[in-house]
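Colleague: Below is a structure I'd like to ask you about.
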Amino acid sequence: MAAPNPPHPYRTSSALGPYKIPINTYILQNAPDRLAGILSASVIIHRGRVLLIQRIADDECPNVWEVPGGVADDNETIVDCAVRELREETGLRASAVTAMLGEFEWIDTSNSASDLPGKGKWKVFIFRVIVEGSDQEHLDITIDPKEHKAYLWATEEEVRRDLCGDVRLEWISLNQKKTILETFEHIRTSYQGL
């Protein structure tokens, strides 16, 4: 089966070539890892703040905060998954995927009902994504109420303290928090030389 078309046109860095392959191909190429699947996510930094979304209360990981992302579909590329999930979960359209920020493994061993298609080892890829309208003061966010109940924009210090205003940030994954903080650091050091 051919890979599906991307959700909409967007630019990517040539360094992202290894992530522009269908997940089925990636899983086959990494057969010794015995992967159950791939999750892709997007870090969006706008005006010095990162976009976080909160899972609904009756989710298997209730009320936790995360960056937009989800499970890759069959034959979808790893990068296209991040772009599609961003659009589905926030209404934002990617204009560019500029970097792969983090790659983590996660083992699903839960006995509870899960939306994931298989138990076992999952790879999680987190990308830096620039969205359409990023030059505007505000971005319009439309969250999917079946998956998320709130969103917020957090500064680096708020992420570090796990507190945005009076909202306690309980993370889906400390790897996501670490990746967000590393992204803020990279942005800060990149602009110091200008």
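Colleague: Work out the FRET efficiency for Ile130 and Glu105 from their Cβ-Cβ distance, taking R0 = 25 Å, and round it to the nearest 0.05.
Modeller: FRET efficiency, Ile130 to Glu105: 0.40.
Colleague: Under a plain spin-label model, where a point goes 7 Å from the Cα along Cα-to-Cβ, how far apart in nm are Ala31 and His8?
Modeller: Simple spin-label model gives 3.9 nm for this pair.
Colleague: Comparing Leu152, Leu52, Leu28, which has the greatest mean-square fluctuation in the GNM of the chain with Cα pairs linked when under 10 Å apart?
Modeller: Result for the chain, Cα springs under 10 Å: Leu28 fluctuates most.
Colleague: What three numbers, in Å, describe the spread of the alpha carbons of the range 11-193 along their principal axes, ordered from the longest?
Modeller: Rounded to whole Å, the extents work out to 43, 40, 25 Å.
Colleague: Let me spell out the model: positive unit charges on the Cβ of Lys and Arg, negative unit charges on the Cβ of Asp and Glu, origin at the Cα centre of the chain. What dipole size does that give, in debye rounded to 20?
Modeller: Using Cβ point charges on Lys, Arg, Asp and Glu, the chain gives about 460 debye.
Colleague: If you take every DSSP beta bridge whose two residues both sit in the range 11-193, what share of them, in percent to the nearest 5, is antiparallel?
Modeller: Close to 70 percent.
Colleague: Still on this structure, please answer the following. Would you kindly state how much longer the chain becomes between Arg93 and Ser190 on full extension, computed as 0.36 nm times their sequence separation minus their alpha carbon distance, in nm to one decimal?
Modeller: Computed gain between Arg93 and Ser190 is 32.4 nm.
Colleague: Further question: I'd like to compare 98-104, 68-74: which one has the highest average count of other Cβ atoms within 10 Å, and what's the full order after that?
Modeller: Descending packing order for the listed peptides: 68-74, 98-104.
Colleague: Given a Förster distance of 35 Å, report the FRET efficiency between Lys20 and Glu137 from their Cβ-Cβ distance, rounded to the nearest 0.05.
Modeller: In this case the efficiency is close to 0.60.
Colleague: Working out 0.36 nm times the residue gap between Glu60 and Lys178, then minus their Cα-Cα distance, what length gain in nm do you get to one decimal?
Modeller: Fully extending the segment from Glu60 to Lys178 adds 40.2 nm.
Colleague: For the chain, what does -39500 (n - 2.57) per DSSP helix run (n ≥ 4), summed and divided by total residues, give at 222 nm, in deg cm²/dmol to the nearest 500?
Modeller: -7000 deg cm²/dmol
Colleague: Okay, moving on. Provide the per residue accessible area, probe 1.4 Å, for the range 11-193, rounded to a whole number of square angstrom.
Modeller: On a per-residue basis, the range 11-193 sits at 50 Å².
Colleague: How much of the accessible area of the range 11-193, probe 1.4 Å, is carbon plus sulfur, in whole percent?
Modeller: 49 percent
The values are calculated or read from the model by the stated rules, or taken from the named source; none is laboratory data. Just so it is clear, the structure is predicted and the values come from calculations on it, not from any experiment. Positions of Cβ are backbone-derived with ideal geometry, glycine not excepted, and every protein chain shown enters the neighbour counts. What goes into the accessible areas is simple: the full protein's heavy atoms, side chains included, and nothing from ligands, DNA or RNA. Shrake-Rupley method; radii C 1.70, N 1.55, O 1.52, S 1.80 Å.
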